[in-house]
Structures are given as structure tokens and as C-alpha cells.
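Everything on this sheet refers to the single structure shown next.
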Amino acid sequence: MNCRSENLWLELIAGSRKTSNFLWALILFLGSFAFLLVGTSSYLGGNLISLFPSQQILFFPQGVVMSFYGIAGLFISSYLWCTISWNVGGGYDRFDRKEGIVCIFRWGFPGRNRRIFLRFLMKDIQSIRIEAREGFYARRILYMEIRGQGAIPLTRTAENWTPREIEKKAAELAYFLRVPMEVF
């Protein structure tokens, strides 16, 4: 989501709360829970799930392996649910021409450095840079080059931008900040 005026550009970053993350976490939870139930029912000798008769699955080795995959899947699913609830990677980019300040805020994992807050003067911005790698795993990332600080990524590496979309966004931001645009 973008919110722009003549002197202010505010861009909200979604982070981990995307529909695809919800779907993967739900699918992984349901699948791993089913694996754990089948492994447990093979151990107990009864049917906890009527779709999978436990008499056909021996506890050793199939039930043990299914229980292991179920437990491992539940751990991975809980990790995904935690990143979704913590909204890791979410935040905002705020460019204020009136005050001459750029603020970049992101949420991280819980701990001492959970809040990532970067603040720069607009006069220290050297350029807006696009890094494009073509090929089998094509990726396009938008960076902001800061004098003395290096390059700060403004887009996530997992986002699949078309060349036209990333160029348009970079051109608009470079025009707003009144800095040059570079392509690598």
C-alpha cells in the first residue's frame, strides 16, 4: 500500500502476513497432524483416523517414521505461525521531503533487536539502484544507496517483480527523492 502526497511518501510493507504463508502454514499443520495421528494409531493399534486403517501400518518402521515426520512438520508449522503472528519483515518506508528525513522500519524476530529502525537524511542518499539477475532464478531488488552506509534493500528478495514494475517504482522513487537511478 502506498500513501503519497507532495512532500510525503509512506509505503507499508506486508511482511510475513501474506495469504500464501497462511495457506502453507495451514496445509503443513494439517498434514503433519495427520501423519502424527496415523503414527500414534499404529502404535496404539486402534483407528484414530478412519481414513487410514492402522492394521495395515506397522509401528516399526512405518509408524515411527510417520510420527517423526508429524512431529517435525508440527515444529515447522509452529515456526511459520510464529513468524506470521510476529509479522516478521513487516513495517514501513517513510520518505519526508519537508523534513528531509527517510525512515525505514521493520519488525524482526523477538529479542533485543526486534525493532529495526533506520533514519537517514535525504541529502545522504546517493541513488536508487536496481539489481537485476536474469536466468533460471530471476530476481530484481530495489536498493537505496546511502553515502557512508552502503546499499539498503527496499524490496524483499522473494517478491517477483516484472522489469517494468521495478523500473516504474524505482523511477517514481528517484524522482520523488530527486536522486539518480542506477541499474546493475
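The values are calculated or read from the model by the stated rules, or taken from the named source; none is laboratory data. Since we're looking at a predicted model, the values are computed, not measured. Virtual Cβ from ideal backbone geometry, glycine too; neighbours counted across all protein chains shown.
The single condition among (1) of a type outside the set (V, I, T); (2) under 17 Å from N2 (Cβ atoms); (3) at pLDDT 90 or above that E145 does not meet is (2).
Every residue, every condition in (1) assigned by TED's automatic domain parsing to the domain that holds D96; (2) closer than 30 Å to L173 by Cβ; (3) surrounded by 14 or more Cβ atoms within 10 Å (Cβ to Cβ); (4) modelled with pLDDT of 85 or more, yes or no:
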position: L10; (1), (2), (3), (4): no, yes, yes, yes
position: A14; (1), (2), (3), (4): no, yes, yes, yes
position: F33; (1), (2), (3), (4): no, no, yes, yes
position: S41; (1), (2), (3), (4): no, no, yes, yes
position: G46; (1), (2), (3), (4): no, no, no, no
position: Q56; (1), (2), (3), (4): no, no, no, no
position: Q62; (1), (2), (3), (4): no, no, yes, yes
position: S67; (1), (2), (3), (4): no, no, yes, yes
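Table: residues versus (1) in contact with a strand residue (DSSP E or B) (Cβ under 7 Å, 6 or more places away or on another chain); (2) within 23 Å of S5 (Cα to Cα); (3) touching a residue at least 12 places away in the same chain (Cβ under 8 Å).
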position: R94; (1), (2), (3): yes, yes, yes
position: F105; (1), (2), (3): yes, yes, yes
position: P110; (1), (2), (3): no, no, yes
position: M122; (1), (2), (3): yes, yes, yes
position: R133; (1), (2), (3): yes, no, no
position: Y175; (1), (2), (3): no, yes, no
position: E182; (1), (2), (3): yes, no, yes
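For R129, the criteria (1) touching a Leu at 6+ places or on another chain (Cβ under 7 Å); (2) of a type outside the set (A, V, I, L, M); (3) buried (at least 18 other Cβ atoms within 10 Å of the Cβ) hold in every case but one, which is (1).
When G39, G46 are checked against the criterion of being in a helix (DSSP H, G or I) and either among the aromatic types (F, W, Y) or farther than 25 Å from P110 by Cα (or both), G39 stands alone in meeting it.
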